[in-house]
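Participant: Here you go, one structure.
The values are calculated or read from the model by the stated rules, or taken from the named source; none is laboratory data. These figures come from a predicted structure and were not determined experimentally. Neighbour counts run over all protein chains shown; Cβ positions are idealised from the backbone, glycine included.
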Amino acid sequence: MNRNLTQVFNTAAIHENCRNPPPKADSVAAEPNTPDCPLELDPAPPDEEDHRFDDVDWQRVPHLQRRAYEHSRGSKPSWIYLYGWPVWHRKYNKKYWLCSWCHLHKKLSGEFNVELAISSAAKHLGKDLTGHGYNQDGKIDRRMSSQPSLLTHMQASGVDVSQQIANEMAGSFSRVQFLRAVTH
């Protein structure tokens, strides 16, 4: 259940009244100090988002808290939030990002200021470390494209390899089959 049910109801009522103002009696004059309708209302987080922060050990990060709102209305959340939490730094009053892997594994490096840009958090996620190695397209492929194959290495070393064996070696390795065998 949404913990902000009262706020959600009140916000929805205000928004509805802005679109469809209640009818006024002819004898009742308009109130002179009626506030204008807010142009942008932050939508309440859906119920499933209430559980996103359950893994955060708030005692380990007393200087951080959940943000009052996570993203601007209508904007698409950055890809870094797939791998961490949007938090608010209580001392510096700025938006921060907390790396979920670093926090869950009790690493000290994992808090980044994302007030103006996400580049520091993106660089952290892109590092070739355990639990990291991600960019906006997903897991980074760390294969070296210039890394020679065993066949190339043998031929460069002067080993005479027949055409039939060379063709067998070149076509024998399937990355998909290898990954399937390793992961299962």
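Participant: Taking the criterion of being outside any strand (DSSP E or B), within 22 Å of residue 63 (Cβ to Cβ), in contact with a Gly (Cβ under 9 Å, 6 or more places away or on another chain) and not hydrophobic (A, V, I, L, M, F, W, C), would at least one residue in the range 87-98 satisfy it?
Facilitator: No - not one qualifying residue is present in the range 87-98.
Participant: From (1) modelled with pLDDT of 95 or more; (2) not in a helix (DSSP H, G or I), pick out the condition that doesn't hold for residue 124.
Facilitator: (2)
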